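Q: I am attaching a structure below and will ask some questions about it afterwards.
The values are calculated or read from the model by the stated rules, or taken from the named source; none is laboratory data. Remember, predicted model here, so these are calculated numbers, not experimental data. Neighbour counts are summed over all protein chains in view; Cβ atoms, including those assigned to glycine, are modelled from backbone coordinates with ideal geometry.
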Amino acid sequence: MTELLPNHFAGRWQTGTGRGTALVDPVLGTELVRVDSTGLDLAAGFAFARERGGAALRALTYRERAALLDATGKVLQANRDAYYDIATANSGTVKSDSAVDIDGAIYTVGSYARLGATLGERCSLLDGEAARLGREPLFQSQHVLVPTRGVALFINAFNFPAWGLWEKAAPALLSGVPVIVKPATATAWLAQRMVRDVVDAGVLPAGALSIVCGSSAGLLDALQPFDVVSFTGSADTAALIRAHPAVTKRSVRVNIEADSVNSALLLPSADAAVLDLLAREVAREMTVKSGQKCTAIRRVFVPQSQSAQAADAIGARLAKTTVGNPRNESVRMGALVNRAQLESVRAGLAHLKPQTEVLHDGSSHALIDADPAVACCVGPTLLGAQDADGADRVHDTEVFGPVATLMPYRDLAHALALVRRGEGSLVASLYGGDPAALAAAAVELADSHGRVHVVSPDVAQLHTGHGNVMPQSLHGGPGRAGGGEELGGLRALNFYHRRCAVQASSTALSQL
């Protein structure tokens, strides 16, 4: 039997008592490692994190916690090559896609280390200015932010085992809140290895960082009123979390990032050069990590007069995408994460096809160095829907793979209405050459998106990408996207702090 990965819980490494679940190479079909959390004393593990990890972190200043993150980043950087090997084997990603996850994680940790250093030698934060409560200025109210005296439970998705861990953990640890991460089982190996390296290096206090690999059963039951939970995954699972007694009765704070049918919009005034920028980004977003990104472009809107041109431009780029074994240097797109995900993408395509036509057929891509009967690979597929208003399935369904749908619109008002059919998304991107028109459209879509990514010719070589989540910008979105907020620079710390109004004399308040 392959290695059973240990969990780091209650301050020590411990394996589950069950046989475990196998993690499999999605290209070769071979078993890699096993994970299991059976038999863990959840109450004891959560208590250890709260009492030992929380107390140790809160005793440090923000600058000192930032130094811990800096040391963590150095540990991760030193072990970077091993992470790439694990990602290739467990996630089936080519090197450039693994970089989005692994290097993105390291960059995020470093960013919060630098941000934390600016907060100085203090253990709490002021929120706004003091407000006079009466005629005399002596008695005032000052809002303060203090770390919550609980634990942060992270339930993460399979597609970003590295970045998904650290984009949550970095602001939590900087805030002074201990972390327990439950990675998605299918790709838990990378998250487990990262935690193992950081824990074994001894750069964090005992109890500050824990990981549970395997079943999530009982984790929510262990939450107490001052704990927080952050979830990334399906809307169905998010609904179960929101209905859990820990949330409804114990008021555990929840952050959700769920489904998102993200859009790319070519403005009416865009010329051929701007259309090429759109085509490049759509093709890239469809194929990076085989389209398994919550921020990937799913719907593409272009003026009716440019629909055929857009289809040709996107299709031409997709045709050059080589698919197969990520170990082969000629391959540009690897596998879906497992057989279940492959079947889900196939089912999603079957659901959309009655309302669309196939503009670029993913089945035309022969697999390189991979057995079609074993490998969980699928070529990128571009669909088209001439009746954008009637194609309700396209606006309602997120096919979590290399699939997008191109749709024409009549005028800008029609286009904006179509984008909003997504009922809340993580990101929309706008493509055009008129700064005023781009700014106006961005503000129009801001209410239904966590981020609006604007691409014009002057930033063609500079922009960070529609689907790339940068720690300086907000990640999350309203409505269908879950209503959550992560990152956004120091804004991320708000989730891990409690706000309190201190009413006192101005002299006392000055000591805060």
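Let's see how each residue does on (1) acidic (Asp, Glu); (2) modelled with pLDDT of 95 or more; (3) under 30 Å from GLY324 (Cβ atoms):
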{"site": "LEU4", "(1), (2), (3)": "no, yes, no"}
{"site": "ASP25", "(1), (2), (3)": "yes, yes, yes"}
{"site": "LEU28", "(1), (2), (3)": "no, yes, yes"}
{"site": "ARG34", "(1), (2), (3)": "no, yes, yes"}
{"site": "SER37", "(1), (2), (3)": "no, yes, no"}
{"site": "THR93", "(1), (2), (3)": "no, yes, yes"}
{"site": "ALA99", "(1), (2), (3)": "no, yes, yes"}
{"site": "ASP103", "(1), (2), (3)": "yes, yes, yes"}
{"site": "TYR112", "(1), (2), (3)": "no, yes, no"}
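Q: Moving to a separate point now. Counting just the residues of segment 173-195 that are surrounded by 24 or more Cβ atoms within 10 Å (Cβ to Cβ) and among the hydroxyl-bearing types (Ser, Thr, Tyr), which one comes out nearest to PHE226 (Cα to Cα)?
A: Going through the qualifying residues, I end up with SER175.
Q: With the requirement that a residue be surrounded by 12 or more Cβ atoms within 10 Å (Cβ to Cβ) and of a type outside the set (Gly, Ala, Ser), what does segment 126-146 give you? Step through it out loud before you land on a result.
A: Here is the first cut: in segment 126-146, the residues surrounded by 12 or more Cβ atoms within 10 Å (Cβ to Cβ) are 126-127, 130, 132-133, 138-146.
Within segment 126-146, LEU126, ASP127, ARG132, LEU133, LEU138, PHE139, GLN140, GLN142, HIS143, VAL144, LEU145, VAL146 qualify.
Q: Can ALA44 be described as in contact with a Ser or Thr (Cβ under 7 Å, 6 or more places away or on another chain), modelled with pLDDT of 95 or more and assigned to a helix (DSSP H, G or I)? Reasoning before the result, please.
A: Values: in contact with a Ser or Thr (Cβ under 7 Å, 6 or more places away or on another chain): no; modelled with pLDDT of 95 or more: yes; assigned to a helix (DSSP H, G or I): yes.
Considered against the rule, which asks whether it is in contact with a Ser or Thr (Cβ under 7 Å, 6 or more places away or on another chain), modelled with pLDDT of 95 or more and assigned to a helix (DSSP H, G or I), ALA44 comes out as no.
Q: Right, next: Scan segment 68-101 for residues that are of a type outside the set (D, E, K, R), under 22 Å from LEU28 (Cα atoms) and in a helix (DSSP H, G or I) and jot them down.
A: In the first step, residues of segment 68-101 are kept if they are of a type outside the set (D, E, K, R); the result is 68-69, 71-73, 75-79, 82-84, 86-94, 96, 98-100.
Add one more test, that the residue is under 22 Å from LEU28 (Cα atoms), and what stays is 82-84, 86-94, 96, 98-99.
Answer for segment 68-101, where residues must be of a type outside the set (D, E, K, R), under 22 Å from LEU28 (Cα atoms) and in a helix (DSSP H, G or I): ALA82, TYR83, TYR84, ILE86, ALA87, THR88, ALA89, ASN90, SER91, SER96, SER98, ALA99.
Q: Let me ask something additional. Suppose we keep only residues that are crowded, with 17+ Cβ neighbours inside 10 Å and not hydroxyl-bearing (Ser, Thr, Tyr) within segment 81-98. Which one would you say is farthest from PHE9 (Cα to Cα)?
A: VAL94
Q: Next question. Could you please give the count of residues in segment 102-128 that are part of a helix (DSSP H, G or I) and at positive phi? Lay out the reasoning, then the answer.
A: From segment 102-128, those part of a helix (DSSP H, G or I) are 102-117; that's our starting set.
Adding the requirement that they be at positive phi leaves none.
Number of matching residues: 0.
Q: If you scan segment 138-163, which residues turn out to be in contact with a strand residue (DSSP E or B) (Cβ under 6 Å, 6 or more places away or on another chain), closer than 23 Å to GLY92 by Cβ and not β-branched (Val, Ile, Thr)?
A: ASN156, ALA157
Q: Do you know which residues across segment 364-398 are touching a strand residue (DSSP E or B) at 6+ places or on another chain (Cβ under 8 Å), surrounded by fewer than 19 Cβ atoms within 10 Å (Cβ to Cβ) and of a type in the set (S, T, N, Q)?
A: Across segment 364-398, the qualifying residue is only GLN386.
Q: Consider only pairs whose beta carbons are under 7 Å apart and that are at least six residues apart or on different chains; among these, list those whose first residue lies in segment 413-427 and is within 14 Å of PRO478 (Cβ to Cβ) and whose second residue is among the aliphatic types (A, V, I, L, M).
A: VAL419/LEU265; VAL419/ALA428; VAL419/LEU445; GLY422/VAL261; GLY424/ALA481; SER425/VAL261; SER425/ALA481; LEU426/ALA481
Q: Still on this structure, I have one more. With the checklist (1) in contact with a strand residue (DSSP E or B) (Cβ under 9 Å, 6 or more places away or on another chain); (2) surrounded by fewer than 17 Cβ atoms within 10 Å (Cβ to Cβ); (3) not hydroxyl-bearing (Ser, Thr, Tyr) in hand, flag the one item VAL345 doesn't pass.
A: Among (1) in contact with a strand residue (DSSP E or B) (Cβ under 9 Å, 6 or more places away or on another chain); (2) surrounded by fewer than 17 Cβ atoms within 10 Å (Cβ to Cβ); (3) not hydroxyl-bearing (Ser, Thr, Tyr), the lone unmet condition for VAL345 is (2).
Q: Find the residue count for segment 452-475, including only residues that are within 28 Å of ALA436 (Cβ to Cβ) and in contact (Cβ under 8 Å) with a residue 60 or more places away in the chain. Full working, then the answer.
A: Taking segment 452-475 and keeping what is within 28 Å of ALA436 (Cβ to Cβ), we get 452-470, 472-475.
Cutting the leftovers down to in contact (Cβ under 8 Å) with a residue 60 or more places away in the chain gives us 455-457, 460, 465-469, 472, 475.
Counting residues in segment 452-475 that are within 28 Å of ALA436 (Cβ to Cβ) and in contact (Cβ under 8 Å) with a residue 60 or more places away in the chain gives 11.
Q: Something else about it: Which of the residues belonging to segment 430-467 are in contact with a Lys or Arg (Cβ under 9 Å, 6 or more places away or on another chain) and among the polar types (S, T, N, Q)?
A: Of everything in segment 430-467, just one residue is in contact with a Lys or Arg (Cβ under 9 Å, 6 or more places away or on another chain) and among the polar types (S, T, N, Q), namely SER448.
Q: Can you find a residue in segment 53-70 that is of a type outside the set (Val, Ile, Thr) and on the phi > 0 side of the Ramachandran plot? Working first, answer last.
A: As a first pass, look at segment 53-70 and keep what is of a type outside the set (Val, Ile, Thr): 53-60, 62-70.
Add one more test, that the residue is on the phi > 0 side of the Ramachandran plot, and what stays is none.
Within segment 53-70, not a single residue is of a type outside the set (Val, Ile, Thr) and on the phi > 0 side of the Ramachandran plot.
Q: Looking at segment 106-126, I want the residues that are of a type in the set (Phe, Trp, Tyr) and have a partner that is part of a loop (DSSP other than H, G, I, E, B) with Cβ atoms under 9 Å, at least 6 apart or on another chain. Which pairs are those?
A: TYR107/MET470; TYR107/PRO471; TYR112/PRO471
Residue-by-condition table, conditions (1) in contact (Cβ under 8 Å) with a residue 12 or more places away in the chain; (2) hydroxyl-bearing (Ser, Thr, Tyr):
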residue	(1), (2)
ASP197	yes, no
SER234	yes, yes
HIS244	yes, no
THR248	no, yes
ARG253	yes, no
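Q: Moving to a separate point now. Look through segment 299-313, keep the residues that are surrounded by 15 or more Cβ atoms within 10 Å (Cβ to Cβ) and over 23 Å from ARG420 (Cα atoms), and return whichever of them is farthest from the chain's Cα centre (by Cα).
A: This residue is GLN309.
Q: Considering every residue within segment 491-512, establish whether at least one is crowded, with 23+ Cβ neighbours inside 10 Å, among the hydroxyl-bearing types (Ser, Thr, Tyr) and modelled with pLDDT of 95 or more.
A: From segment 491-512, those crowded, with 23+ Cβ neighbours inside 10 Å are 492-493, 496; that's our starting set.
From the residues that got through so far, the ones that are among the hydroxyl-bearing types (Ser, Thr, Tyr) too are 496.
Add one more test, that the residue is modelled with pLDDT of 95 or more, and what stays is 496.
Within segment 491-512, one or more residues are crowded, with 23+ Cβ neighbours inside 10 Å, among the hydroxyl-bearing types (Ser, Thr, Tyr) and modelled with pLDDT of 95 or more.
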